[in-house]
Amino acid sequence: MVGAAQGDARAYHALLGALSGHLRGFFRRRLTRLPDEVEDLIQETLLAIHNQRHTYDPDQPITAWVHAIAKYKLVDMLRRHGKQSLLSDPLDDAMELIADDDSEAAEARRDLGVLLASLPDKQRLPIVHVKIEGLSVIEAAQLTGLSVSAVKIGVHRGLKALAARIRGSA
C-alpha cells in the first residue's frame, strides 16, 4: 500500500490483486446464500479502497483498514437489499480477512489443470466430465464418443495415473 500510495503502478496492481483474493474469500464465507453478490461487492470495496487510499495510515496495519471498508460495504449491501438475516458469519475479526484468501483455490485449480493436461484424452476427458463436471458415465460416453466401459476404465486409469504423479512415482 505504501508503494501504491507513492505512485508505484506495479505495487498498486499487486495490492489490488492480493486484496481481491482476500476479499473474495471474506465475502464468500459470509454470503453463502447470496453468492451472486460477491463479485459486485469486491468491486465496490476495491473502488472504496481506491477512493479512500489517502486515509490509510502507513504506521497502522492495512488489515484493519481494509476490513473496516469491507465490513461497511457488506453491511451497506445487506441494508440496501433488506437481507441482514442472510449473513452467514459475524463481521468482528479483521484478521479473518487475511485468513479468507481465495488464492489457494485458484492455485489448486491451476495445479489440477496441469496434472489433467498430462493425461491422454481417453483418461482426461472421462475424469473431467464425470468427476469434475458431475456428468453420468452414460452422458460422458455420449459426449466423448467413447463406450460406457471405456469411460469407466478411463476414469479408473486416469485417477490411478494422477495419484502416481502426485506421489512422484511416475
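Each reported figure results from applying straightforward, stated rules to the coordinates on display, with no laboratory input. This structure is a prediction, so every number in the text was calculated from the model and none was measured. For neighbour counting, all protein chains shown are included, and Cβ atoms are generated from backbone atoms with ideal geometry for every residue, glycine included.
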Net lengthening on full extension, residue 122/residue 148 (0.36 nm per residue, minus Cα-Cα): 8.2 nm
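What is the order of 124, 165, fewest Cβ neighbours within 10 Å to most?
Details: 124 18, 165 14.
So the ranking, lowest neighbour count to highest, is 165, 124.
When the chain is fully extended, how far beyond the present Cα-Cα distance does residue 165 get from residue 139, taking 0.36 nm per residue of separation? Mind dumping the intermediate values first?
Values: separation 26, 0.36 × 26 = 9.36 nm, distance 2.76 nm.
Extending this stretch completely gives an extra 6.6 nm.
Taking the Cβ-Cβ separation of residue 132 and residue 11 as r and a Förster radius of 22 Å, what is the calculated FRET efficiency to the nearest 0.05? Intermediate results must be reported in sequence, preceding the final value.
On the way: r = 36 Å, r/R0 = 1.65.
So, using R0 = 22 Å, E works out to roughly 0.05.
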